[in-house]
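**Q** Take this structure, written in structure tokens, and hold onto it; I'll ask about it next.
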Amino acid sequence: MTELFSEAILISIFAGTVRIMTPILFAAIGELVTQRAGIWNMGVEGTMLMGSFTAYFVATSTGSIWLAVLAAVMSGVMMGLVTAFMTVTMRVDHFISGLGINLLVAGLTLYWFRIYIAGRAQPTFDGFNSVAIPGLSQIPYLGPILFDQRLLTYLAFAAVPMIWFLLYRTRWGLELRCLGENPKALDIKGLSVVRRQYMAVLIGSAMTGLGGGFLMLGFSDRFLADITAGRGWLAIVAIIAGNWMPRGVLAAVFVFALLESIGTHVQVLGLNMPHQIFLAMPYLASILLLMGLRRKTNQPVKLGIPYFR
Amino acid sequence: MSPLLKCVDLTKRFPGVVANDRVTFDLMPGEVHCLFGENGAGKSTLSSCLFGYYQPEGGHIECDGIPVKFNSPRDAIAVGIGMVHQHFVLVADFTVLENIVVGTHAKGWKLDLKSARARVDALCQQYDINLDLDAYVRDLAVGQQQWVEILKALYLDARILILDEPTAVLTPDESERLFHIIDQMCQRHISIILISHKMSEVMQADRVTVLRKGAVVGTVETADATPDILTKMMVGRDVALRVSRTNPADQGDVKKPVLEVRNVSYVAASGKSALTDITLTIHRGEILGLAGVSGNGQKELFEVLSGILVPNAGEITLDGATVTGMPSRDYMQRGVGLIPDDRFREGLIPEFSVQENMILGWQRDDAYTSGPLLSAAKIKENGEAMIDAFQIKVPSGATPVNHLSGGNAQKVILAREFSQSSTLLLANQPTRGLDLGVIEYVYSQIIAKRDQGYAVLLASEELEDLLNISDRIAVMSDGKIVGIVNAQDSSVPEIGQLMTGAQAA
Amino acid sequence: MISTDDMPNGQRRIKVEPRLNPNASWTLAMYMIATLFGFGLTALLIWTSGADVLKAFMTLFNGAFGSQKAWIASLAKATPLILTGLATIVAFRAQVWSIGQEGQVYSGAMGAYLACLVFAGLPIGIYLSLIILSGMIAGAGLGIIAAILKTRFGVNEIISTVMMNYLIVFLLSYLIGGGPWTEVSSSVVYQQSAQIPDAAQLPYLFGTAKLHIAFVFALIAAVFCYVVLEKTPLGYEIRAMGFNPVALAHRGTNIGRTMIIVMAISGAIAGLAGVSEIFGTSHRVRVDTLYGFGFTGIIIGMIGGLRPLGAVIAGILFGGLETGALYMKLLAKVPAAIVPAMEGILLLTFLIAGVAARYKIVRVNTND
């Protein structure tokens, strides 16, 4: 057990944490935008899975991982269109439509995957490598943890202040937050609630798709059926635990990623404990986190409530 | 002089109802024109059409003599029409300034609050409005929230302002302030359409257009009109405006106390103190009126007295037995009936049928079950009896309650609570949003219960009604009882003073 | 209201309005269109995989309902699906969005297996009863935890049930993948338990050696759910809670207690599905054979219109689809994974149909 606390291992754990944070962070920040606009997209898990599969398919058929990234984003946009159509236009209950999307994507990706690899060895690709930032990555301890990561990881972290700026410092952000609190206030001025909610959903789903793409391209070289393994759900929990604020979300995602990283290292080190305990940590932590929340909630008032005139 | 705004033969339909039926109406520059009518007469619908929120199916609108078509409120705002809604459309978690600015078309993407602040400050100065622009709307008093709504319209350079039932939620004092602001607006050449059903406000306007069941009955100068004439136009027959003064119940024996409340306090989950040190007593055969504008703790008081909320301090005694802290089920079984102010949200299951709603809360009672199962026969029988007794206009007991009008839905609640309760009746705004005929009926039923020996707590925002019907009146302000008076000896001004007296300072 | 309000200077000729009264034939039409659309999309998916669409559908239906043998297999596959569908219905009618059926299936299987180990040697009738009961209690337990998390701690039930699904699977994977229930053969450790004793196997019906009594339990459960929901005071409270918990609470009903009862019933029925699969069909505990019943149950509950009879019909249909898929894979070379994809498509089209059924299209004359 004490091997866990050696310097090299600790650095590896934290560096792993930063990497593991990336896909969940993309999804969580994207979903935050969607939720602040009043739409509770429960289909994050499915959107992420679609992004992963799309990235795999494009990476192995074209050989270009950057094309795969683009494709993952596009798949997110497509899923966003479906989500927005169901929740904003048809006003189906948000929870049910999201669950439906998760189930649909699980089935579709499995089906396409089986067809794709039918009768041959599973194709693989070369994923992303780390890009060390010159100079900064030489800093002792922090260097390898923060500044020797993949490019998309840097982007994910940059996205947090970017989204914060979007939400709190732009005209558009004020309107978007208004959607989550009282859409009628915009409708009564003749501004289109529908158009704005579509935009919020598309942006959120695009980012989630990107997260799914990175989950594929930045971690392994081949697709597995349930590769997302609940990370989309963790993104949603992170928003609740982070009280719908960008910095809170960042903190919650960090906790989940740290637990997962510790768990992976425990498995690799072959310590004498059932590894399932550590695999289970993030999920257990999320329940405990939610149980402990007693403060004033920032949950958008109209979150999950379809807007009718 | 041509009218500033005019609609000709305007018709607006909704599924199943014609809300506005060939309405012709005009607004002259500089005037205050009142739209007068009962609930459901079509006033709000008409104003929503004039504001561009609804698109009429027939007729047309003219602005400055030119026909216009408002496809959305944006078009109406562009020609200078602004609207202050009866139910405010504000974001509680935004500041005053953010609420005013959101959705207005500033140039570019940046959220520029500086220039907006300067403009709003100027407006506040002009109209003598004292408001902290950085305060969160959720922390403002109701009257102040209305100022934010008004500022929203003025910020967009409104020259025609539509005010929808503006004094419905204001104390007499706040209403005066509002009309002072309206005067200021008139002086600045803003024309006003005032929607109201209160006679006192109507008479302050220049002209009145009376609507009844979606159609215009007539337009008169207020100088030529009297309350009687207007009421007759509104209702279509001669009526006493409200239920007239009733004879007090037989004072023979000393009245026995039914409900005793001692030093009850309640603190909401948010930490806000909703009720502070409430003490009151209601006796057999007595109606205690509860005066005060909504939001001063009335709702919490009703919920504490029916067991829905548990008080943090104090004692409640019912017929001599201590019931503090018991759940609502126990209060119900001890004969307490509750008529909530939000009838569809708190008193009914909208998707259930009338007869199913009749047994809401009593579904496990022997009267409606046989063995472990519900008895469809008993439920149906009970439903039919109630529909008959209370003259509820409905095709059958199996009709879902969300198909009923507000008045008929209220009758369902009345039927249920009247027949299941036996000692205490709690009625919170029982006549809100109902038309005159149903209002008369509801009050007469409540008085009948009082005469049978019930104790009644009746809250209403219509002070004249309370004065006419109650035996005593308790005045609530800011979660406290600030005074209890004898209805016979009191008046609207006195109660109004009590309501605001506690607020000063 | 959906309307073409966003068209500038629009001359609207068609308007979509909410319907005042539900129209049975319009509703039926919407659902038929949804089904056709769903099958159409599925056909498209099959076609893009290069397989023969017509042959695919024919082998699918033949394999599902084309012979007595097919029927028996389909009904056997339908059994756990009907049960999880019913579990979904009980919860969703109360507007408790439990996604925990999946975990409750596992939990039920685990509870039953524990009983099978502990009570071995007892007379068969008592032995089987204890096994079934333990499965139901284990499933109910998980459901009750979720209900308590919601009522006492305000934890959203979707999230708590999804998280618990993962936790239960981890627990099971430990127990049968290195832990005390693992079957250890001479050299290799499998991720499965030992085979259950013969005495613990659920008896078959009519000597079919495939369809077992759990199918009868499923039908009984469906009747039970129907009676409870429509005919009892508890059902009144459950339905009222689904429509307007505020009014129900105001008039004397303890919402927290009702929620716990709902989740206990839902969990018990889902647990029964786990018992059915392990003790009726596969006869040993593995993670992969139990996978998916819960999620498919959600689809079945929704497609069945949240009515017990609907769950039975949808369950049998889906049981047929899954049986037929094996034939389709062999004879038409279409991956069996088309079935979960098809189920997902049907769910979404049915959801849309459900909304569309509440509206109608109206022709409007434009004036001036």
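A short reminder: the numbers here are calculations on the coordinates, not readings from a lab. Keep in mind the model is a prediction, meaning the values are calculated, not measured. Virtual Cβ from ideal backbone geometry, glycine too; neighbours counted across all protein chains shown.
**Q** Per-residue Cβ counts within 10 Å, from other chains only, averaged over C:150-156: what number is that?
**A** 4
**Q** Continuing with this model, one more query. Dipole of the stretch B:5-235 (Lys/Arg Cβ +1, Asp/Glu Cβ -1, origin at the Cα centre): which of B:199, B:113, B:65 lies farthest to the positive side?
**A** Ranked along the dipole, the leading option is B:65.
**Q** Taking the Cβ of each residue in C:266, B:328, B:375 as the centre, tally the other Cβ atoms inside 10 Å and list the residues starting with the fewest.
**A** B:375, B:328, C:266
**Q** For the stretch B:142-210 and the stretch A:179-204, what is the separation of their C-alpha centers, rounded to whole Å?
**A** Answer, in whole Å: 29.
**Q** Next question. Lysines near residue C:329 by alpha-carbon distance under 25 Å, same-chain residues fewer than 8 away left out - which ones?
**A** C:55, C:69, C:77, C:210
**Q** Tabulate in residue order the Karplus-calculated ³J(HN,Hα) for the stretch B:42-51, using 6.51 cos²θ - 1.76 cosθ + 1.60 with θ = phi - 60°, rounded to whole Hz; enter x for Gly and Pro.
**A** x, 5, 5, 4, 4, 5, 5, 5, 5, 8
**Q** If the only charges are +1 at each Lys and Arg Cβ and -1 at each Asp and Glu Cβ, what is the size of the charge dipole of the stretch C:50-334 around the Cα centre, to the nearest 20 debye?
**A** The dipole of the stretch C:50-334 has a size of about 420 debye.
**Q** What is the helix-to-structure angle for B:113-126, meaning the angle in degrees between its Cα long axis and the longest Cα principal axis of chain B, kept from 0 to 90 and rounded to the nearest 10?
**A** Its long axis makes an angle of about 80 degrees.
**Q** Related question: Among A:307, B:136, B:266, what is the fewest-to-most ranking by other Cβ atoms within 10 Å?
**A** B:136, A:307, B:266
**Q** Considering only B:83, B:15, B:97, whose Cα is most displaced toward the positive end of the charge dipole of the stretch B:5-235, charges sitting on Cβ of Lys, Arg (+1) and Asp, Glu (-1)?
**A** Positive-most Cα among the choices belongs to B:15.
**Q** Could you run the Karplus curve 6.51 cos²θ - 1.76 cosθ + 1.60 with θ = phi - 60° over the stretch C:334-351 and give me ³J(HN,Hα) per residue in whole Hz, x for Gly and Pro?
**A** So the Karplus estimates, Gly and Pro as x, are 9, x, 4, 5, 4, 5, x, 5, 5, 4, x, 4, 4, 4, 5, 5, 5, 4 Hz.
**Q** Stretched out fully, how many nm does the piece from residue C:184 to residue C:361 gain, at 0.36 nm a residue minus the Cα gap?
**A** 57.2 nm
**Q** For Cα pairs less than 8 Å apart in space and 6+ apart in sequence, what is the mean separation divided by the residue count of the stretch B:38-164, i.e. the relative contact order in percent?
**A** The normalised contact order for the stretch B:38-164 reaches 33 percent.
**Q** Return the calculated 222 nm mean residue ellipticity for the protein assembly as shown, to the nearest 500 deg cm²/dmol, obtained by summing -39500 (n - 2.57) across DSSP H runs with n ≥ 4 and dividing by the residue count.
**A** -17000 deg cm²/dmol
**Q** If you fit an axis through the alpha-carbon atoms of helix C:293-303 and take the longest principal axis of the Cα set of chain C, what angle between them do you get, 0 to 90°, nearest 10?
**A** Result, in degrees: 30.
**Q** Go through B:1, B:280, B:143 and say which Cα lies farthest out towards the positive end of the charge dipole of chain B; charges sit on Cβ, +1 for Lys and Arg, -1 for Asp and Glu.
**A** The residue sitting most towards the positive pole is B:1.
**Q** Among B:128, B:319, B:183, which comes first, then next, by fewest other beta-carbon atoms within 10 Å?
**A** The fewest-first ordering by Cβ neighbours comes to B:128, B:183, B:319.
**Q** Tell me, what is the FRET efficiency for residue B:14 and residue C:52 to the nearest 0.05, using R0 = 60 angstrom and their Cβ-Cβ distance as r?
**A** The value I calculate is 0.70.
**Q** A further question on this structure: Which angle from 0 to 90°, rounded to the nearest 10, does the C-alpha axis of helix C:214-231 make with the longest principal axis of chain C?
**A** 50 degrees
**Q** What list of ³J(HN,Hα) couplings, whole Hz, do you get for the stretch A:124-129 from phi and the Karplus terms 6.51, -1.76, 1.60, once you set θ to phi - 60° and write x for glycine and proline?
**A** Calculated HN-Hα couplings, in order: 10, 9, 9, x, 6, 10 Hz.
**Q** I would also like to ask the following. Evaluate the charge dipole of the protein assembly as shown about its Cα centre and quote only its size in Debye, nearest 20, assuming +1 on the Cβ of each Lys and Arg and -1 on the Cβ of each Asp and Glu.
**A** Approximately 2900 debye in magnitude.
**Q** Mind computing the radius of gyration and Dmax over the alpha-carbon atoms of chain B? Å is fine for both.
**A** That works out to 24.5, 77 Å for Rg and Dmax.
**Q** Roughly what would the spin-label model give for residue C:117 and residue B:376, points 7 Å off Cα along C-beta, in nm?
**A** Output for this residue pair reads 4.9 nm.
**Q** If you average the alpha carbon positions of the stretch A:207-232 and of the stretch B:430-467, how far apart do those two centres end up, in angstrom?
**A** Centre-to-centre (Cα) distance: 64 Å.
**Q** Please check which bits of the stretch B:326-344 a label hung off residue C:254 would reach, taking the label as a point 7 Å along Cα-to-C-beta and the cut-off as backbone N under 16 Å.
**A** B:326-333
**Q** Under a GNM of chain C (C-alpha, springs under 10 Å), which listed residue has the highest mean-square fluctuation: C:218, C:341, C:64?
**A** C:341
**Q** Continuing with this model, one more query. For chain A, which DSSP H helices look membrane-span-like by this rule: Cα extent along the axis of 27 Å or more and mean Kyte-Doolittle of at least 0.0?
**A** Helices meeting the criterion: A:7-36, A:65-84, A:94-116, A:193-217, A:246-269.
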